[in-house]
Amino acid sequence: LSLPKCPTAVFCTNNLMTIGVLQELFSRDTQIPQQVAVVGFDDLEWAELVNPPLTVVVQRPYEIGRRAFETLLDLFNKPETRTQKDIRVPVELKIRFST
């Protein structure tokens, strides 16, 4: 944010980073999204409570855990079939007012 040309958007990859970015922007009286757009990762309850409400990438932790557990069970039950897997759990962009 101290660069000669300030970024126009910030994508935060975890909630601690999102909180830090919001605190810094607020301390600098930066208008969100007029001056800097902000997108967070994960849709915790507080994301709707900040002003403006935060645009977020919504992940599905239950589904991630379920697939991880199924993979672990497969490893225990069929150790001879161990292979590398690419497991993807879709996310959703929930657009609010910070972008």
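Summary of computed values
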item: Residues of the range 73-94 that turn out to be loosely packed, with under 10 Cβ neighbours inside 10 Å and within 30 Å of Val21 (Cα to Cα), as a count; result: 2
item: Checklist (1) part of a loop (DSSP other than H, G, I, E, B); (2) at negative phi; (3) surrounded by fewer than 12 Cβ atoms within 10 Å (Cβ to Cβ) applied to Asp29, failing item; result: (2)
item: Tally, over the range 32-44, of residues that are open to solvent by less than 50 Å² (accessible area, probe 1.4 Å), out of contact with any strand residue (DSSP E or B) (no Cβ under 6 Å at 6 or more places or on another chain) and under 27 Å from Val89 (Cα atoms); result: 1
item: Flag if Gly20 is without any contact (Cβ under 8 Å) to a residue 40 or more places away in the chain and closer than 21 Å to Arg88 by Cα; result: no
item: Boolean, Thr13 is farther than 9 Å from Ser98 by Cβ, within 14 Å of the chain's Cα centre (by Cα), free of Cβ contacts under 8 Å to residues at least 60 places away in the same chain and open to solvent by less than 30 Å² (accessible area, probe 1.4 Å); result: no
item: Some residue of the range 18-26 being touching a Leu at 6+ places or on another chain (Cβ under 9 Å), charged (D, E, K, R) and outside any helix (DSSP H, G or I); result: no
item: The range 45-72: number of residues that are of a type outside the set (Phe, Trp, Tyr), open to solvent by 100 Å² or more (accessible area, probe 1.4 Å) and part of a helix (DSSP H, G or I); result: 2
item: Residues located in the range 73-92, provided they are within 30 Å of Asp42 (Cα to Cα), modelled with pLDDT under 90 and part of a helix (DSSP H, G or I); result: Asp74, Leu75
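The values are calculated or read from the model by the stated rules, or taken from the named source; none is laboratory data. Keep in mind that this is a model prediction, so the values were computed, not measured. Every residue, glycine among them, receives a Cβ derived from its backbone with ideal geometry; neighbour counts consider all protein chains shown. In case anyone asks, the SASA skips ligands and DNA or RNA and just uses the protein heavy atoms, side chains included. Shrake-Rupley method; radii C 1.70, N 1.55, O 1.52, S 1.80 Å.
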